Amino acid sequence: MRDFSSDHRWLSLNTATVRKQGDLVQIIEACARHGIRAIDPWRDQVATVGLDRAVRAVRDAGLELSGYCRGGMFTSDAARRGEVRDDNRRCVDEASALGAPCVVLVAGGLPQFSRPGSAASKDIAAARAQVEEAIAEMLEYATQARMPLAIEPLHPAYAADRACVNTTKHALDICDRLDPARTGALGVALDVYHIWWDPEVMGEIARAGRDRRLFAFHVCDWLVPTRDILNDRGMMGDGVIDIKRYRATVEATGYAGYSEIEIFSHEWWDRPMDEVIRTCIERHRTVV
């Protein structure tokens with residue numbers, strides 16, 4: 001297991017962590033000030049400043065990317081499936097322009113139908129089938145662009161509205177069906193916030209490493225109590241996740257990439273950007 005105590009070379013900042021404090025260019029400038037060498041930007045933040053400007057800012061700051069957030073949200077009614085497909089292709093193109101190593105995919109939950117007065121689906125099996133079909137279609141385009149795709153399983157609390165892929169096993173099973181040759185085109189992004197509860201996850205992490213499917217590793221913490229399942233993530237060390245244990249397991253598989261800090265939190269969004277980044281660095285050295 002790598003020693004993070006003396007520097008933060010392997011810290012990547014997911015830009016959602018400070019999304020309320022500044023735009024993407026300001027976040028990149030702050031990362032440069034604090035010696036952070038990698039980021040994972042979100043598409044809406046890139047769109048706000050413009051793709052060309054985002055590309056220049058990343059290049060001028062000498063930053064690497066640990067991923068690009070996010071593609072996916074595949075579930076929809078038939079009227080919107082072409083729109084979803086085209087948007088995910090644009091995501092691949094943006095990731096390529098930025099030099100991202102992968103696109104992180106969030107599957108989408110139960111489809112919300114677009115017909116006036118219609119209700120959301122209750123068929124989660126159908127939603128999961130639609131997700132797999134859409135990933136297969138996206139994979140063809142992404143493979144041509146040489147852009148790997150990383151499925152991120154989300155905590156089951158998100159199954160209805162954000163992601164009906166909820167375990168590492170499920171994500172890896174999709175990878176095995178769609179990429180049986182293990183080409184490196186399809187893998188997983190694992191976030192401790194979403195996987196720490198799973199009694200089978202350690203074996204599945206080993207499986208991901210063995211099959212060369214572990215593309216990204218995200219850290220934050222689970223607070224008790226959690227007041228908002230989406231926007232009350234904890235700073236590392238403030239909650240109940242044994243983060244070092246998960247990093248040790250991930251690195252035992254051969255993973256040697258970034259530990260990416262991704263915190264959605266009204267509490268941390270209310271603090272100055274430099275304070276949040278300094279805290280991230282300190283916790284990355286002591287807790288991650």
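Where a number appears in this text, it was derived from the coordinates with a stated rule and is not lab data. Since this is a predicted model, take the numbers as computed values, not measurements. Neighbour counts run over all protein chains shown; Cβ positions are idealised from the backbone, glycine included.
Summary of values
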quantity	calculated
Sequence ranges 232-239, 161-168, ranked by mean other-Cβ count within 10 angstrom, highest first	161-168, 232-239
The chain - percent relative contact order, Cα under 8 Å, separation 6 or more	21 percent
Distant-in-sequence amide H partners of Leu223 (H built 1.01 Å from N, under 5 Å)	Gly234
Length released on extending from Ile229 to Asp176, taking residue separation times 0.36 nm less the Cα-Cα span	16.1 nm
Mean ellipticity per residue at 222 nm, deg cm²/dmol - from DSSP H runs of n ≥ 4 across the chain, formula -39500 (n - 2.57)	-12500 deg cm²/dmol
The chain: Cα Rg divided by the 2.2 N^0.38 Å rule of thumb	0.96
Among Ala129, Ala107, Ala142: highest mean-square fluctuation, GNM of the chain, C-alpha pairs under 10 Å	Ala129
Candidates Pro41, Pro111, Pro199, ranked by Gaussian network fluctuation over the chain, Cα under 10 Å, top entry	Pro199
Viscosity 0.890 mPa s, temperature 25 °C, Stokes-Einstein D of the range 1-151 from Kirkwood C-alpha radius, µm²/s	146 µm²/s
Ordering of 267-276, 88-97 by burial proxy (mean other Cβ atoms within 10 Å per residue, highest first)	88-97, 267-276
Cut-off under 5 Å, modelled amide H: who pairs with Asp191 long-range	His218
Cα-based Kirkwood hydrodynamic radius, the range 134-288, one decimal, Å	16.3 Å
Full-extension gain in nm, Ala97 to Ala136, via 0.36 nm per residue minus C-alpha separation	11.8 nm
Cβ-based net charge around Trp196, under 11 Å, with every Lys or Arg adding one and every Asp or Glu removing one	-3
Ranked packing of 19-28, 43-52, most packed first, by mean Cβ within 10 Å	19-28, 43-52
Environment charge of Ala134, counting only residues whose C-beta is closer than 9 Å and scoring Lys/Arg +1, Asp/Glu -1	-1
Centroid-to-centroid separation of the range 67-104 and the range 223-288 [C-alpha atoms, Å]	26 Å
